[in-house]
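A short worksheet on the structure shown next.
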Amino acid sequence: MAGQYLDGYARILAEVSATGRRLTREEIESRRALGERAAEAGYGLRAVVVAHLAAARAAWPDVPGSADNTLAAVQQVIDAFAEGHERAQRQAVRQEEAARREFIDDLLYGRSDLGRLAERAERFGLRLSHAHAVAVAQGPTAYDEGNAVPRQVEQALIARFGHRDVLLTTKDGRLLCVAPGHEDEVLPYFAKQAHAATDGGRVAIGRPQPGPGGVVQSYEEALSALEMAERLGLDEPVLRAADMLVYPVLTRDRQAMADLVVNTLGPLTTARGGAQPLLDTLTAYFDSGCVAAEAARRLSLSVRAMTYRLERIHQLTGADPADAGHRYVLQTAVIGARLLDWPAVEL
């Protein structure tokens, strides 16, 4: 009962009311200590304040002194008690945040025993024996859990899905959402909310992966997708790692890719203005489905100028972008150039 945290209250109330003095330092500290203990025991501030008011009301006929002195005493006692209660709550929040941060670090870096990690995960609503997928949102600024943006996204998720074993957090300035692999709607909805809340930030979604290590794998896939999109200059707001598996394959043998880029596109460096304008031409051509008119529009060129550039590429490289066989080699080399930052970086 909250009444056990009123120890000494009646005596203080009687003395302070009778004399009109303020509470002593020792009395204030004792009220703070009781407030901390009540918070640690799980009593809400409302319950204990009501208990103080009820006790004051019950003692009122027997309390000497004026009503003003009595109310002043009640005010001082409750103020000190509330201060201790709030102090304990802040400490509990800090401890919970520290435990949460430690868990997230261990989860994403795999630094803890998997069995122990699985036990700790249940405290945060995750069952690591199941498959999980991770989405990572990156905005124009860095975010931490105290920012308004993560709170806004979290509130939207809770309003839509409730507490459905979803963990929303931040890491290295990015927003992270960990969701069960079978909950197909959660991460796309997170992506939509995060994209809006971060003023057009980009979101990558990793594939569902099983077991305690699955969260790490999915998280790394999402990070890799963000990095790949940056290097390729992709403008899609939402990226799925499952749709980008070809890029890690292409870059697995970096030397082979570098050789392909240099041997296929190297002659473009002899063109007036260098290789970059013609490389941009190929990029726009392939991105537009090999439709010259659409590629010209994207580059703000006339169709005639676009056709001239494609012919010039054919002359320099010996590969015709309009030919299906040549197109595969050229497009692969263009992707490799974007991944390796050629021609800005010498290969």
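For the stretch 309-321, does any single residue satisfy the condition of being free of Cβ contacts under 8 Å to residues at least 24 places away in the same chain, assigned to a helix (DSSP H, G or I) and either within 30 Å of residue 224 (Cα to Cα) or aromatic (Phe, Trp, Tyr) (or both)? Checked against the condition, which is being free of Cβ contacts under 8 Å to residues at least 24 places away in the same chain, assigned to a helix (DSSP H, G or I) and either within 30 Å of residue 224 (Cα to Cα) or aromatic (Phe, Trp, Tyr) (or both), the stretch 309-321 yields no hits at all. Of the residues making up the stretch 240-258, at least one is touching a strand residue (DSSP E or B) at 6+ places or on another chain (Cβ under 6 Å), modelled with pLDDT of 90 or more and under 26 Å from residue 201 (Cα atoms). Could you list, in sequence order, all residues of the stretch 94-141 that are at pLDDT below 65 and hydrophobic (A, V, I, L, M, F, W, C)? Residue satisfying the conditions is 114 alone. Being within 40 Å of the chain's Cα centre (by Cα) and either farther than 21 Å from residue 234 by Cα or in a helix (DSSP H, G or I) (or both) holds for only one residue in 268, 278, and it is 278. Does any residue of the stretch 37-47 turn out to be in contact with a Leu (Cβ under 7 Å, 6 or more places away or on another chain), in contact (Cβ under 8 Å) with a residue 12 or more places away in the chain and at negative phi? No, the stretch 37-47 contains no residue that is in contact with a Leu (Cβ under 7 Å, 6 or more places away or on another chain), in contact (Cβ under 8 Å) with a residue 12 or more places away in the chain and at negative phi. Among the residues of the stretch 208-263, those that are small (Gly, Ala, Ser) and in contact with an Asp or Glu (Cβ under 9 Å, 6 or more places away or on another chain) comprise 225, 229, 241, 242.
The residue of the stretch 308-343 that is nearest to residue 282 (Cα to Cα), among those that are surrounded by 15 or more Cβ atoms within 10 Å (Cβ to Cβ) and of a type in the set (S, T, N, Q), is 331. None of 154, 145 is part of a helix (DSSP H, G or I), among the acidic types (Asp, Glu) and either at pLDDT 90 or above or in the same structural domain as residue 217 (by TED's automatic domain parsing) (or both) except 154. The C-beta contact set for the stretch 59-75 (first residue within 21 Å of residue 7 (Cβ to Cβ), second residue at pLDDT below 75 and hydrophobic (A, V, I, L, M, F, W, C), distance under 6 angstrom, 6+ apart or interchain) comprises 70/63.
I'm trying to understand the selection: among the residues of the stretch 295-311, which are touching a helix residue (DSSP H, G or I) at 6+ places or on another chain (Cβ under 8 Å) and over 14 Å from residue 330 (Cα atoms)? Once the filter is applied, which keeps residues that are touching a helix residue (DSSP H, G or I) at 6+ places or on another chain (Cβ under 8 Å) and over 14 Å from residue 330 (Cα atoms), the stretch 295-311 yields 295, 296, 298, 299, 301, 302, 303, 305, 306, 307, 309. For the stretch 322-347, a residue qualifies if it is small (Gly, Ala, Ser) and either more than 19 Å from residue 258 (Cα to Cα) or in a helix (DSSP H, G or I) (or both), and the qualifying residues are 322, 324, 325, 333, 336, 337.
Would you check if there is a residue in the stretch 290-299 being in the same structural domain as residue 332 (by TED's automatic domain parsing), part of a helix (DSSP H, G or I) and under 16 Å from residue 339 (Cβ atoms)? No: the stretch 290-299 contains no residue that is in the same structural domain as residue 332 (by TED's automatic domain parsing), part of a helix (DSSP H, G or I) and under 16 Å from residue 339 (Cβ atoms). Using the structure shown, decide if residue 259 is of a type in the set (D, E, K, R) and not in a helix (DSSP H, G or I). For residue 259, the condition - of a type in the set (D, E, K, R) and not in a helix (DSSP H, G or I) - is not met.
The values are calculated or read from the model by the stated rules, or taken from the named source; none is laboratory data. As the structure is a computational prediction, the values presented were derived from the model and not from experiment. Note that each Cβ is placed from the backbone with ideal geometry, even for glycine, and that neighbours are counted across all protein chains shown.
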